[in-house]
1. Highest mean first, how do 129-138, 42-51 rank when packing is the count of other Cβ atoms within 10 Å averaged over residues?
2. What is the packing order of peptides 67-76, 116-125, 82-91, 96-105, taking the mean over residues of other C-beta atoms within 10 Å and listing the highest first?
3. Give the distance, in whole Å, between the Cα centre of region 121-160 and the Cα centre of region 36-114.
4. Order 53-61, 159-167 from most to least packed using the mean count of other Cβ atoms within 10 Å.
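Bear in mind these aren't lab numbers, they're just calculated from the coordinates by the rules spelled out. Note that this is a predicted model, so its numbers are computed, not measured. Every residue, glycine as well, gets a Cβ built from its backbone with ideal geometry; the counts of neighbours run over all protein chains shown.
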Amino acid sequence: MTLHDRAFDPDELSVTISELLVATADGTDPGIDHAVTEVLRTLRDRLKMDVVFVSEFIDGQRVFRFVDGDQAPMRPGDGNPLEESYCKQVVDGRMPELVHDASAIAKDIGLPHTDVQVGAHLSTPIMMPDGSVYGTLCCYSAAANPALRKRDLDNLRNCAVLVARKVTAAWKAHLPGSAVDWSLEPLSAERWKLK
């Protein structure tokens, strides 16, 4: 499996995601972790979105575990009430996973108010092997994007499978789900000592 330094063609991105899905079927390693993180960043760039993030649902909160974007209004570890999030709306089926312009439909479908301007919005649940929902993989931009297609949502869904595998691997290593490494550096044994 090789990730190229040059920009991905849309087909190359799909192929890379497919290769990672095969590579992560039975486990993970720091090289694959790096590749998953890079794929999420590439997906954001490819879709011309401002932010991509992984959120975890914990005790009625949406907690951000991975955030990538220029001037993103949230950071890993930040959180807010789950009920006030678009993520919860998507998981509950009250909001489509692919929205070209959330501001145009916000009142029609009863979206919660957000201080962040959201135009284009892609979101999908991160499903764990036991069928539970870990959280969501989302990307959004302030501007609307009528060019988004089902293929883009399919790529996001496949990335959500990669994220689920990454979280599962951390859990199998007896780490809390929030301890999943999203850095681009190799894991160190000292960093992962449980207290």
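1. On the way: 129-138: 17.3, 42-51: 20.0.
Per-residue mean Cβ counts within 10 Å order the peptides as 42-51, 129-138.
2. Numbers: 67-76: 13.8, 116-125: 21.1, 82-91: 19.4, 96-105: 17.5.
Result, highest mean Cβ count within 10 Å first: 116-125, 82-91, 96-105, 67-76.
3. Centre-to-centre distance over Cα atoms comes out at 9 Å.
4. Working: 53-61: 18.2, 159-167: 22.6.
For the peptides 53-61, 159-167, the packing ranking is 159-167, 53-61.
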